[in-house]
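Contents: one structure, followed by commentary.
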Amino acid sequence: MNGPRKLYVKSFGCQMNVYDSRRMADVLAPHGYVETAAAETADLVILNTCHIREKAAEKVYSELGRVRRMKEAAAAQGRRLVIAVAGCVAQAEGKEIIRRAPAVDLVFGPQNYHRLPDLLARAERDGKAVDTEFPIDDKFDHLAAPDRAAIRARGVSTFVTVQEGCDKFCTFCVVPYTRGAEISRPVQKVLAEVEHLAEAGVREVTLIGQNVNAYHGEGPDGRPWPLARLLERVARVDGIDRLRYTTSHPRDMDDALIAVHRDLPQLMPQLHLPVQSGSDRILAAMNRRHSRADYLDVVARLRDARPDLALTSDFIVGFPGETEADFAATLDLVDAIGLSGAFSFKYSPRPGTPGAEMDDQVAEDVKSQRLQRLQETIDRNQAAFNRRCLHRTFDVLFERPGRHRGQLVGRSPYLQPVQVDAPVSLIGEIAAVTVTEIASNSLFGALVQAQQPPVSALLSAGA
Ligand code: SF4
């Protein structure tokens, strides 16, 4: 394909997909594609799909209906709009997507997007192209690095994939099937990417992976490095002031990783650590490989290392066999930990996973009612955490203009968005902010004046 083309990528689901979408744009940039925010003007629309949430595939088909109408409108104007479906639904459904939605030109899985230019050429030549193989070559070796302008446009806080795939096989989850076995990127390649981002002005990096704390990438010494060591090394990259990592499995929180929460000032005091259920019976049925006590023990060790750690989690309600007593144990766990937030979902069977074959599926109305109760409990804990931030002062990294004139939005160390009246020149800067107001779980703050030294007020989890 020649000449400038407009690319629209819509990302569904996790941060991994957001990262992948950006890398797809990077792969296509040298081939003349520029990103647009207006799908109807695009020459190529990519839906980067997620299979983890309820009715994911159905949502993709309904979105495809909308894009098909755009394609027809473009054709009426003599323009060709190419439709591509990427990500985990593409991996799981393959050719079925083109059978059900014939307007789709291209289907490719999460491990194949480095081949996008070839796939587009194939689709143009043959009409359609499908690529859902797990290639033996490493896609990261073939990805073009984004230019400075693209990095700056994406903001001062960004993701870097360090690990992909999962070997845990939780019985509700499709990831081991759609993303494949665990692989970790070598340390030097991760460092090269972080250095490139830092040179373009990125201040905060979140290392991401489906099971990021199982990271075991090859170090410069030729030996596998654990995540703790990678974090320590990335923290030494000039310009990187803040680090985070997600998503972790409780089983892989080893002592070294817990220790970096104490010893590495760049590592922000916030961790997303999915637990899924508070009941041992359900955790076993989910094949989570940890008990409630194991989880609480990890949390206690983490808080020993970093008392102000803000913890968030994931929950699934209504997993097959979940009784009222199992569910009560989940509610109790949320209160016991004092979460600063959580994602919660009703269980929905994923074809091909063991959970989908289990007999004792929970009725839909029971799931809905439990979800509501769980969300009320999470909201109450989140509100309590946020209330403890009121009148505290901490550093905020300013990311973008706010909704109102003169306002910026930044992130607290605990990952909460904070809205502050501040000049645009502060975007990309870290400044001390005092939280002055909390409304519907949104934090509002005021800049600490230059003459007042910034106070790094740490929150005590029990405060
Ligand atoms: S740990 Fe479990 S839930 Fe997480 S990606 Fe792996 S299989 Fe899925």
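Throughout, read-outs are computed from the coordinates displayed, never taken from laboratory work. Keep in mind that this is a model prediction, so the values were computed, not measured. Note that each Cβ is placed from the backbone with ideal geometry, even for glycine, and that neighbours are counted across all protein chains shown.
Against the empirical 2.2 N^0.38 Å (N residues), region 122-187 has a Cα radius of gyration ratio of 1.49. Below 8 Å, C-alpha to C-alpha, sequence gap of six or more: please give me the relative contact order for the chain in percent. The normalised contact order for the chain reaches 9 percent. Net charge within 12 Å of T377 by Cβ-Cβ distance, Lys/Arg positive one each and Asp/Glu negative one each, not counting T377 itself? For residues surrounding T377, the net value is -1. Straight-line reach from K55: taking Cα to Cα under 20 Å and skipping same-chain neighbours fewer than 8 places apart, the lysines in range are K10, K95, K346, K367.
For region 56-73, backbone phi angles converted through the Karplus equation (6.51, -1.76, 1.60; θ = phi - 60°) give residue-by-residue couplings of 4, 4, 5, 5, 5, 5, 6, 5, 5, x, 5, 5, 4, 5, 5, 5, 5, 5 Hz, Gly and Pro being listed as x.
The calculated 222 nm mean residue ellipticity attributable to helices in the chain amounts to -10500 deg cm²/dmol, summing -39500 (n - 2.57) over DSSP H runs of n ≥ 4 and dividing by all residues.
Computed over the Cα atoms of region 68-205, the ratio of the radius of gyration to the Kirkwood radius (Rg/Rh) comes to 1.03. Rounded, prolate or oblate: which fits region 17-119, taking a ≥ b ≥ c as square roots of the Cα gyration tensor eigenvalues, rounded meaning a/c under 1.5, else prolate when a/b beats b/c? Oblate. Please tell me the relative contact order of region 276-383 in percent, rounded to the nearest whole number, where contacts are Cα pairs under 8 Å and at least six residues apart. In percent, rounded to a whole number, it is 31. Measuring from each cysteine beta-carbon in the chain, the ones with no other cysteine beta-carbon under 4.7 angstrom are C14, C50, C88, C166, C389. For region 1-62, the dipole from Cβ point charges (+1 on Lys and Arg, -1 on Asp and Glu) about the Cα centre works out to 80 debye, to the nearest 20. Ordering 114-121, 228-235, 44-51 by mean Cβ neighbour count within 10 Å, with the highest value first, yields 44-51, 228-235, 114-121.
Across region 154-164, computed HN-Hα scalar couplings (Karplus, 6.51 cos²θ - 1.76 cosθ + 1.60, θ = phi - 60°) run 8, x, 8, 10, 9, 9, 9, 6, 10, 8, 9 Hz from first to last residue, x flagging Gly and Pro. Of the beta bridges in the chain, as assigned by DSSP with both residues counted there, near 35 percent are antiparallel.
Computed over every Cα-Cα pair of region 346-448 and binned at 5 Å starting from 0, the pair-distance distribution P(r) comes out as 2, 12, 18, 15, 10, 8, 8, 9, 9, 7, 3, 0 percent. For the chain, taking the reciprocal of the average inverse distance between every pair of different Cα atoms yields a Kirkwood hydrodynamic radius of 23.5 Å.
Entry note, region 1-44: relative contact order of 59 percent, from Cα contacts under 8 Å with a spacing of 6+ residues. Across region 307-354, counting alpha-carbon atoms alone, Rg and Dmax equal 13.0, 41 Å.
Summing charges over neighbours of P413, with a neighbour being any other residue whose Cβ is under 12 Å away from its Cβ, gives +1 when K and R count +1 and D and E count -1. Here region 257-346 is treated with +1 on each Lys and Arg Cβ and -1 on each Asp and Glu Cβ, and its dipole about the Cα centre works out to around 260 debye.
Computed from point charges on the beta carbon alone (+1 for Lys and Arg, -1 for Asp and Glu), the dipole magnitude for the chain about its Cα centre is near 1120 Debye.
Ranking T393, P224, G32 by Cα position along the charge dipole of the chain, where only Lys, Arg, Asp and Glu carry charges on their C-beta atoms, puts G32 farthest toward the positive end. 3J(HN,Hα) along region 105-111: 9, 9, 10, 8, x, x, 8 Hz, from the Karplus curve 6.51 cos²θ - 1.76 cosθ + 1.60 with θ = phi - 60°, whole Hz, x for Gly and Pro.
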